[in-house]
Amino acid sequence: MRVLLWFRKDLRLDDHTALAEADRDAAGDVVPFYTSEPAVLGRSDMAATRVRFVLDSLRELASRIEAAGSHLALDHGDAAVTVLRAARAAGADAVYWNDEYEPQLRARDAAVAAALTAAGVRVKRFHDRLLVPPGEVATGAGTPFTVFSPFRRACEKLELSRPQPAITRFAPHDLPRRDVAMLAQLGFNEPSSTPWPAGASAGESRLAEFLGDAAAGLAHYATQRDVPSVRAHARISADLKFGTLGIRRVAQSALAAARADASLTPHTDKFVAELRWRDFYAHVLHAFPHCEHRAFRPEYDALVWRGTDAWFDAWREGRTGYPIVDAGMRELVATGFMHNRVRMVVASFLTKDLLIDWRRGERHFMQHLIDGDLANNNGGWQWAAGTGTDAAPYFRIFNPVLQGLRFDADGAYVRRWVPELAALPGRHLHAPWDAPPLLLAEHGVTLGETYPFPIVDHDVQRAAALAMYADVKGA
Ligand SMILES: Cc1cc2nc3c(=O)[nH]c(=O)nc-3n(C[C@H](O)[C@H](O)[C@H](O)COP(=O)(O)OP(=O)(O)OC[C@H]3O[C@@H](n4cnc5c(N)ncnc54)[C@H](O)[C@@H]3O)c2cc1C
């Protein structure tokens, strides 16, 4: 039996469920295939930086397959056409793939499966992407979880699945030999100014560095992961998004680190709990696909957002006059990444200080994030906007000054991304408008010229946000 292995957002050979199963079922007669799709890559919220990450990861995958004596077959077009075409050309009896859970991708997969089945090619699909597949846990009433903590507890009762073995054998085949540059030439290779090493080896290095770094990394995760200037977090979200790391390998490696050094246990527990947020948002989107475009809680679709376009422009360009917000927005555009704590702060600021629809922020994030992911991004934005699954009420409104003082206490993060304020002493850094004018002048800051005055007053906007949400609640 010959299997066509359709690589998708799982660009690796290690801990790859469909590949391991194909290898076993076909005794190594596996033809590796990838297709780019205009409907996916051409989305208007696609970031150039993510496209480059995929292309670079494909290059490495292709060279690893080459080293195994085969080649990665490439095509471009509607997957229902290209996958069937490849299966026929390879003489495959079956096509195997790992499932995706986003609404658009589920519809695509259904169309591909139907086309293959109609042509007499068997289809085998696998759960691979998450620690716990959608539908595997449910509330006592049998419904999907809509609150994280009980979801996590239910998942923790299940055994944490083990990584699949790495596969390094593939069949030689006659599908056309195309270079990844072929995909780049199709217009998906916009230059990206945010170098972020891609591919499985870069993902493996990031994970190893995180697990093994005693000065930062896992050893400080539970205590320092909220501090944006400290590398106490893994930076593997793009690897998990595009599958350059397998989720079981990540979780089990963290547990193994704690087995070797018991002092890591609280950090590992926290880290695995955070991995479960990723599962949670994928489950939520799977069970409630309306979230993609509308509020998880329908009553919040009636919110009347009163913020202005000028405020939105100031937010996305990092010139709101609130240093921690501006630092985050500049980090995003410059690097394609933003620290999780700062994502929460800037998202709260857009929705509850600037009174701007969370979907505009969600879209801006998707246009820039290296890890931009529908479920996680949508979940994060709806959480911040108070329209989502969060058990906490809508009146949790972050104060950007207090957030800065608490999580960027030494000001290192703001100094890095808002250099025009870098000379200011710590206690004034997060609220320069409160500093004595003489002190500002001494440190080269002229508000309104070198750095903006705050575009809104937080206390005033906080009251306006509460009234905006109360209107909907009252109705
Ligand atoms: C408004 C907003 C938007 C976000 N958009 C995205 C997005 O598009 N893509 C994305 O992957 N994450 C998103 N997140 C979640 C989180 O910010 C990133 O996963 C995290 O910053 C990635 O850095 P890390 O790998 O160092 O995380 P670590 O803290 O080291 O966590 C390890 C992994 O766990 C998962 N994870 C951790 N926290 C969360 C979380 N809150 N939600 C979901 N998964 C989590 C991620 O896969 C992450 O890589 C968003 C959060 C917010 C508040």
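The numbers here are math on the coordinates, done by the rules we state, and not lab data. Because the structure is a prediction, the values reported are computed rather than measured. Virtual Cβ from ideal backbone geometry, glycine too; neighbours counted across all protein chains shown.
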- Item | Whole-number percent relative contact order across the chain, with pairs defined as alpha carbons under 8 Å at least 6 apart | 17 percent
- Go ahead and collect, in residue order, the members of region 383-414 whose backbone nitrogen is under 18 Å from a label point 7 Å along the Cα-Cβ direction of Asp45. 383-390
- Karplus couplings for region 81-91 from phi (6.51 cos²θ - 1.76 cosθ + 1.60, θ = phi - 60°), rounded to Hz, Gly and Pro as x? 8, 5, 5, 5, 4, 5, 4, 5, 4, 7, x
- Message: Highest mean first, how do 362-369, 270-277, 253-260 rank when packing is the count of other Cβ atoms within 10 Å averaged over residues?
- Response: 362-369, 270-277, 253-260
- Query: So what's the back-of-envelope 222 nm ellipticity for the chain, counting only DSSP H runs of four-plus at -39500 (n - 2.57) apiece and dividing by all residues, rounded to 500?
  - Reply: -14000 deg cm²/dmol
- Item | Among Leu240, Thr17, Ile455 the positive-end extreme of the charge dipole of the chain (Cβ point charges) | Thr17
- Message: Starting from 0.36 nm per residue, how many nanometres of slack lie between Ala208 and Arg178 once their C-alpha separation is accounted for?
- Response: 7.6 nm
- If you place +1 on the Cβ of every Lys and Arg, -1 on the Cβ of every Asp and Glu, and leave all else neutral, what size is the dipole of region 305-451 about its Cα centre, to the nearest 20 Debye? 280 debye
- Query: Which of Lys124/Lys241; Lys9/Lys473; Lys124/Lys157 have a Cα-Cα distance over 32 Å?
  - Reply: Lys9/Lys473
- Item | Mean Cβ count within 10 Å, highest first, over the residues of peptides 93-105, 232-244 | 232-244, 93-105
- Message: Bin width 5 Å, origin at 0, all Cα-Cα pairs of region 221-268: what percent of pairs per bin?
- Response: 5, 20, 20, 24, 21, 8, 0
- Computed label-point distance, nm, for sites Arg2 and Thr139 using a 7 Å Cα→Cβ extension: 5.1 nm
- Longest to shortest principal axis, alpha-carbon extents of region 74-173, angstrom: 48, 30, 23
- Query: Given +1 on the Cβ of Lys and Arg, -1 on the Cβ of Asp and Glu, and no further charges, what dipole in debye does region 3-128 carry about its Cα centre, rounded to the nearest 20?
  - Reply: 280 debye
- Principal axis dimensions, region 123-281 - Cα atoms, whole angstrom, descending: 50, 43, 31
- Please report the base-10 log of the normalised intensity I(q)/I(0) for the chain, using a Debye sum with one equal scatterer per alpha carbon and no solvent, at each q in 0.06 (1/Å). -0.29
- Any number yet on Rg/Rh for region 23-106, C-alpha, Kirkwood? 0.98
- Item | Extension reserve of the Thr446-Arg169 stretch, reckoned as 0.36 nm per residue once the Cα distance is removed | 93.3 nm
- Task: Rounded to the nearest 0.05, what FRET efficiency do Ala111 and Asp25 give with R0 = 25 Å and r taken as the Cβ-Cβ distance? Could you check?
- Result: 0.55
- Note on the structure: Per region 298-474, sqrt(5λ) over the Cα gyration tensor eigenvalues, sorted largest first, in Å, gives 28, 18, 14
- Starting from the Cα of Asp309, step 7 Å toward the Cβ, then list every residue of region 444-471 with an amide N under 11 Å from that point. none
- Message: Under a crude label model (7 Å from the Cα following the beta-carbon direction), how far is Ala119 from Ala334 in nanometres?
- Response: 4.9 nm
- Item | In order through region 408-415: 3J(HN,Hα) via Karplus (6.51 cos²θ - 1.76 cosθ + 1.60), integer Hz, x for Gly, Pro | 10, 4, 8, x, 4, 5, 5, 4
- Message: How large is the direction-averaged shadow of the alpha-carbon convex hull of region 197-333, in nm²?
- Response: 10.8 nm²
- Query: Under unit Cβ charges (Lys, Arg +1; Asp, Glu -1), what dipole magnitude, rounded to 20 debye, does the chain have relative to its Cα centre?
  - Reply: 660 debye
- Message: What distance in nm separates the two pseudo spin-label positions at Ala412 and Gln104, each 7 Å out from Cα along the beta-carbon direction?
- Response: 3.8 nm
- Length gained if Arg363 through Arg88 is fully extended, taking 0.36 nm per residue and subtracting the Cα-Cα distance, is 95.1 nm
- Note on the structure: In terms of the charge dipole of the chain, which places +1 on Lys and Arg and -1 on Asp and Glu at the beta carbon, the residue among Gly91, Ala214, Gly379 farthest towards the positive end is Gly91
